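Working notes, beginning with the structure itself.
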Amino acid sequence: MSLLRIRKPKTRKGKKVLLAREPQLIESARTMLFLDGRKCGGNVKLCMKDLQQLKKPLVKVLNRKNDITPFDDPTSLEFLTMKNDSALFTFGSTSKKRPDNIVLGRVFENEVLDMFELGIKRYQAIAEFKNEKIGTCVKPCLVFNGPKWAQSEELRRLRNLFIDTFQREKVDSIRLQGIEHVISFTVTDDLNILMRSYKILLKKSGQKTPRIELEEIGPSADFSIRRTKIASEDLYKLARKQPKTQNKSKKKNITLDSLGNTKGRVHLGKQQTGSIQTRRVKALRKTPEEKKANRQAKKVALKAAAQEALSS
């Protein structure tokens, strides 16, 4: 019996859950699932705990140990991600052959799209940095140092996976004081990945733009790339495809408000308010001064017309 069999909802709540799992026109921020392997401890536990702190509240944690080998049989992993409605996952394990092992990946249509196995060569947790930390739910600024990120397809996919991992809700504008956290990724010559996390400090500079200083707050890690599994180019294009309704051309004088209501702006010419038939209320009646001025204007116009007739 297949683990991914399709069930019809029997209740209204179940139908609501299934509708929320369907593809959306505008996708929300992705949730990451954290799960342990047969053996998991030491730096792997510390790294996963720190990643959960950086990713909060978009995390789901499974505390039980799982007998899963992602690169050999990802079926159980795909079932757990579907059950917990998570598009990203982090799998931690350690063994004699591959000590301090972390697998980062993402799924598309309940199947593994990309998967990278990283070995922890050196790790320094957030708790080891005795300084002031940032708050939760802070969207970090990601920096990828060096040209090697664009030299191979695997590194390009890994960079894209890191962006998906730390991506949060999209915003239209930001303020300078809102940029508090920066995460730096560097690829060395021997293809190791150096991850560093900094807090942004805004100092006085005597000018309108403040002086920027970086203070390392952790985590600090050195990863080595062990095994990779990336999707084919056709499947990757299919996963990135956006619906046509999202790429509509902008129509003039038509806008959408925050509730999704369409509002249009209509431009009219100059209105002849004097000739509009309105209700004869006291407030709209002409004053005696206005009536006298109108009579004087008519008399002047009649005199002028009579003089023109006589002269001609």
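The values are calculated or read from the model by the stated rules, or taken from the named source; none is laboratory data. All of these numbers come straight from a predicted model, not from anything done at the bench. All Cβ positions, even for glycine, are placed from backbone atoms using ideal geometry, and neighbour counts span all protein chains on display. Areas reflect the complete protein model, heavy atoms only, side chains present, ligands, DNA and RNA absent. Shrake-Rupley method; radii C 1.70, N 1.55, O 1.52, S 1.80 Å.
Observations on the model:
- Distance between modelled label sites at Glu111 and Asn84, nm, 7 Å Cα→Cβ extension: 2.3 nm
- In the chain, taking the dipole from charged Cβ atoms about the Cα centre, the farthest positive-side position among Ser197, Gly119, Pro23 is held by Pro23.
- Residue of Val300, Val182, Val138 that the Gaussian network model of the chain assigns the largest fluctuation, springs spanning Cα pairs under 10 Å: Val300
- Candidate lysines - alpha carbon under 18 Å from Lys303, same-chain residues fewer than 8 apart omitted: Lys292
- Rounded accessible area per residue of region 28-233, 1.4 Å, Å²: 54 Å²
- Set against the 2.2 N^0.38 Å expectation for a compact globular protein, region 14-69 has a Cα radius of gyration ratio of 1.44.
- Highest GNM mean-square fluctuation among Gln167, Gln271, Gln207, for the chain modelled with Cα contacts below 10 Å: Gln271.
- Rg in Å to one decimal, and Dmax rounded to a whole Å, for the chain via C-alpha atoms: 33.1, 122
- In summary, region 1-112 shows an alpha-carbon radius of gyration equal to 1.15 times the 2.2 N^0.38 Å reference for compact globular proteins.
- Rounded percent of accessible protein surface that carbon and sulfur make up, the chain, 1.4 Å probe: 52 percent
- Fully extending the segment from Val266 to Glu308 would add 10.5 nm, taking 0.36 nm per residue of separation and subtracting the current Cα-Cα distance.
- Cβ-Cβ FRET estimate between Lys16 and Arg122, R0 fixed at 41 Å, reported to 0.05: 0.35
- Nearest-ten-degree value, helix 153-165 long axis tilted from longest Cα axis of the chain: 60 degrees
- Counting only lysines at least 8 places from Lys203 when in the same chain, there are none with an alpha carbon closer than 16 Å to its own.
- Over region 40-99, all Cα pairs binned in 5 Å intervals from 0 give whole-percent P(r) values of 4, 15, 26, 27, 20, 8, 1, listed from short to long.
- Pairwise inverse Cα distances across region 189-239, averaged and inverted, put the Kirkwood hydrodynamic radius at 15.1 Å.
- Between Glu169 and Lys56, the distance separating the two model label sites (each 7 Å from Cα on the Cα→Cβ line) works out to 1.8 nm.
- For the chain: relative contact order, % (alpha-carbon pairs under 8 angstrom, 6 or more apart): 15 percent
- Efficiency of FRET from Cβ geometry, Glu180 and Arg226, R₀ 22 Å, rounded to 0.05: 0.10
- Computed from the Cβ-Cβ distance with R0 of 41 Å, the FRET efficiency linking Asn253 to Asn145 stands at 0.35.
- In this structure, the residue pairs whose Cα-Cα separation is over 22 Å, taken from Lys39/Lys60; Lys49/Lys241; Lys39/Lys97; Lys16/Lys60; Lys55/Lys241; Lys13/Lys263, are Lys49/Lys241; Lys55/Lys241; Lys13/Lys263.
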